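Data block below; observations after.
The values are calculated or read from the model by the stated rules, or taken from the named source; none is laboratory data. A quick note: this is a predicted structure, and the numbers were derived from the prediction, not measured. Ideal geometry is used to build each Cβ from the backbone, glycine not excepted, and the neighbour counts take in all protein chains shown.
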Amino acid sequence: VIRAADLETWMSIIEAIAFGGTVASMFMLHIANPEFPLWVVLVVEHAVIVVKCYLGWSIADIPEDVTARKIRNSMTEQSKRLRKRAEAAETAFAAAQRWRKIGNLKDVAQAFFATTTGDESVEGRRKR
């Protein structure tokens, strides 16, 4: 499995090698052809480095379709989380409404005991 951090490290190493290769190539050009003045070699070297940096800056590291897919996936995941939260809130609200309709717990217990034993009071149930 290749991780993004590993790829970034290798990308930095490759960029350093490319930079060093540009400098070495221009130095070798000046050594092999002394008729080229040193200032011309330095100007060409700097121009190549500027073009390389501009292309590295202007070309996206991640393609647009991959970026769009990542945004779409994150929005889908976020909408799923929001949907789950809304469902949980609706369930909690419905439960609160049921409890509000039933009243307090003592009324619930009295209604339960009245239906199961025929006795209307909780105290009557405790005495048995």
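Scan the range 18-66 for residues that are among the β-branched types (Val, Ile, Thr) and surrounded by 12 or more Cβ atoms within 10 Å (Cβ to Cβ) and the total you get is 8. Out of ILE49, ILE14, ILE62, one residue alone is in contact with a Ser or Thr (Cβ under 9 Å, 6 or more places away or on another chain) and not charged (D, E, K, R). It is ILE49. Scanning the range 1-45 for residues that are modelled with pLDDT under 90 and hydroxyl-bearing (Ser, Thr, Tyr) yields THR9, SER12.
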